[in-house]
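Note sheet for the following structure.
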Amino acid sequence: MSDILIVDDDATARREICSLLSEGEYNYLRVCEADTAQRGLLLARQMHPSMILLDLSLPDMDGIEFGKKLMAQHPQIHVVVCSHLKMFDLVYEAINAGFSGYLLKPVVKAVLFSLLGRLIQSKLMKDAEDVTERGIRPQTDDAVDFGNPIDSAIAYIAKHFREPISLQDVAERVYLSSSHFSRLFKAETGTTFIDYLTNYRIQKSKILLRVTSLPVEIIANSTGFSNASYFSTTFKRLEGRTPTEYRHLLMALKTREAVNSTKKQNSSGANI
């Protein structure tokens with residue numbers, strides 16, 4: 001699973017962004033990479049990242065159109081352009097498309113981190129509102145795109161993952177038999193419906209573990225797990241550690257980062 005998906009056919013540019021992310025306060029973010037739009041669409045379905053960093057000059061699709069397609073399939077994803085192109089028309093088009101940012105290459109660390117901070121804070125506020133308002137907000141009808149039933153299913157999961165939903169429930173909502181839906185879902189996403197839903201819930205739980213002190217039981221309930229025990233067992237199977245261990249690891253990383261930052265500041269002060 002990943003937090004950030006980089007879609008760029010320039011391997012050097014991808015490595016530079018990965019290096020920047022590994023050096024600072026966001027080094028806990030998981031990153032995956034794609035060199036084509038088609039690969040990016042597949043990984044977005046499999047990994048459901050929080051953010052996409054994309055170059056506009058992709059070999060198999062126009063970058064703006066690719067971003068629009070991603071946002072249509074995954075409304076919760078932030079799309080950010082990383083490009084050498086400084087043309088105003090492209091920036092304007094990206095903004096009108098609803099993208100979350102436009103970074104010029106070579107990407108400057110301070111600018112990237114500032115954008116990450118803004119987008120992560122925005123997402124956390126949205127997730128906190130979702131947890132608070134769960135069960136209060138009226139449910140709206142979910143439109144079905146008959147030409148793209150799996151996209152409709154993925155959108156439904158994004159809206160209803162907190163609820164008890166099954167393969168049969170979703171198959172019926174997109175007007176397919178359970179067996180056909182199951183085969184089609186695996187063919188288009190590269191994973192089974194159950195694995196996709198479980199992984200999606202785990203990724204949402206990780207956000208709450210990072211930035212809240214909510215008990216594990218509350219987080220389990222808020223992300224669609226039937227009980228804390230099953231949540232912890234599933235989390236450890238997928239992430240290699242329990243939710244509590246994951247939270248402690250992040251706290252240790254943040255503490256280490258704060259200590260290193262303080263040491264750098266003291267060292268700079270001593271050299272003045």
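Taking Lys123, is it under 23 Å from Val31 (Cβ atoms), open to solvent by less than 60 Å² (accessible area, probe 1.4 Å) and modelled with pLDDT under 85?
Values: under 23 Å from Val31 (Cβ atoms): yes; open to solvent by less than 60 Å² (accessible area, probe 1.4 Å): yes; modelled with pLDDT under 85: yes.
For Lys123, the condition - under 23 Å from Val31 (Cβ atoms), open to solvent by less than 60 Å² (accessible area, probe 1.4 Å) and modelled with pLDDT under 85 - is met.
Out of all the residues in the range 80-101, which are closer than 24 Å to Leu29 by Cα and open to solvent by 50 Å² or more (accessible area, probe 1.4 Å)?
Once the filter is applied, which keeps residues that are closer than 24 Å to Leu29 by Cα and open to solvent by 50 Å² or more (accessible area, probe 1.4 Å), the range 80-101 yields nothing.
So is Ile6 among the β-branched types (Val, Ile, Thr), over 16 Å from the mean Cα position of the chain (by Cα) and farther than 21 Å from Ser205 by Cβ or not?
When the stated conditions are applied, Ile6 does not pass them.
Within the range 2-51, track down each residue that is among the polar types (S, T, N, Q) and open to solvent by less than 10 Å² (accessible area, probe 1.4 Å).
Ser2
Hey, could you check the range 139-179 for residues that are over 27 Å from Ala220 (Cβ atoms), in a loop (DSSP other than H, G, I, E, B) and hydroxyl-bearing (Ser, Thr, Tyr) and say which is most open to solvent (accessible area, probe 1.4 Å)?
Filtering first and then ranking leaves Tyr175.
Inspect all residues belonging to the range 53-65 and state whether any of them is surrounded by fewer than 19 Cβ atoms within 10 Å (Cβ to Cβ), of a type outside the set (Val, Ile, Thr) and either over 29 Å from Val144 (Cα atoms) or touching a Pro at 6+ places or on another chain (Cβ under 6 Å) (or both).
Yes, the range 53-65 contains at least one residue that is surrounded by fewer than 19 Cβ atoms within 10 Å (Cβ to Cβ), of a type outside the set (Val, Ile, Thr) and either over 29 Å from Val144 (Cα atoms) or touching a Pro at 6+ places or on another chain (Cβ under 6 Å) (or both).
Residue pairs, Cβ under 7 Å, 6 or more apart or interchain, first in the range 149-173 and without any contact (Cβ under 8 Å) to a residue 40 or more places away in the chain, second of a type in the set (Gly, Ala, Ser) and open to solvent by less than 40 Å² (accessible area, probe 1.4 Å). List them.
Val170/Ala153
Starting from residues that are of a type in the set (S, T, N, Q) and part of a loop (DSSP other than H, G, I, E, B), keep the ones in the range 2-58 and report whichever is modelled with the lowest pLDDT. Talk me through it step by step, then tell me what you get.
So the first thing to find is which residues in the range 2-58 are of a type in the set (S, T, N, Q), and the list is 2, 12, 19, 22, 27, 36, 38, 46, 50, 57.
Those left that are additionally part of a loop (DSSP other than H, G, I, E, B): 2, 27, 36, 50.
Details: Ser2: 63, Asn27: 80, Thr36: 96, Ser50: 84.
Applying the filter and picking the extreme gives Ser2.
All but one of (1) hydrophobic (A, V, I, L, M, F, W, C); (2) in a helix (DSSP H, G or I); (3) modelled with pLDDT under 90 hold for Leu214; which doesn't?
The one condition Leu214 does not meet is (2).
Quick check on the range 186-198: of everything there that is buried (at least 17 other Cβ atoms within 10 Å of the Cβ) and in contact (Cβ under 8 Å) with a residue 60 or more places away in the chain, which residue is farthest from Ile165 (Cα to Cα)?
Per the stated criteria, the residue is Glu188.
So how many residues does the range 70-79 have that are surrounded by fewer than 18 Cβ atoms within 10 Å (Cβ to Cβ) and assigned to a helix (DSSP H, G or I)?
So the answer is 1.
Scan the range 41-57 and report the pairs whose first residue is closer than 20 Å to Tyr28 by Cα and among the hydroxyl-bearing types (Ser, Thr, Tyr) and whose second residue is in a loop (DSSP other than H, G, I, E, B) and modelled with pLDDT under 90, with Cβ atoms within less than 7 Å and a gap of 6+ or a chain change.
Pairs that qualify, where the first residue is closer than 20 Å to Tyr28 by Cα and among the hydroxyl-bearing types (Ser, Thr, Tyr) and the partner is in a loop (DSSP other than H, G, I, E, B) and modelled with pLDDT under 90, are Ser50/Asp3; Ser50/Ile77.
So which residues in the range 210-242 are open to solvent by less than 40 Å² (accessible area, probe 1.4 Å) and either within 22 Å of Lys159 (Cβ to Cβ) or under 15 Å from the mean Cα position of the chain (by Cα) (or both), if there are any at all?
Just the residues of the range 210-242 that are open to solvent by less than 40 Å² (accessible area, probe 1.4 Å), to begin with: 210, 216, 219-220, 222-225, 228, 231-232, 234-235, 239, 242.
Result: Arg210, Ile219, Ala220, Ser222, Thr223, Gly224, Phe225, Phe231, Thr234.
Of the conditions (1) of a type outside the set (D, E, K, R); (2) within 18 Å of the chain's Cα centre (by Cα); (3) open to solvent by 40 Å² or more (accessible area, probe 1.4 Å); (4) modelled with pLDDT of 90 or more, Ser182 satisfies every one except a single condition; which number is it?
Among (1) of a type outside the set (D, E, K, R); (2) within 18 Å of the chain's Cα centre (by Cα); (3) open to solvent by 40 Å² or more (accessible area, probe 1.4 Å); (4) modelled with pLDDT of 90 or more, the lone unmet condition for Ser182 is (2).
The values are calculated or read from the model by the stated rules, or taken from the named source; none is laboratory data. Because the structure is a prediction, the values reported are computed rather than measured. Neighbour counts run over all protein chains shown; Cβ positions are idealised from the backbone, glycine included. We work out accessible area using only protein heavy atoms, side chains counted, and drop any ligands, DNA or RNA first. Shrake-Rupley method; radii C 1.70, N 1.55, O 1.52, S 1.80 Å.
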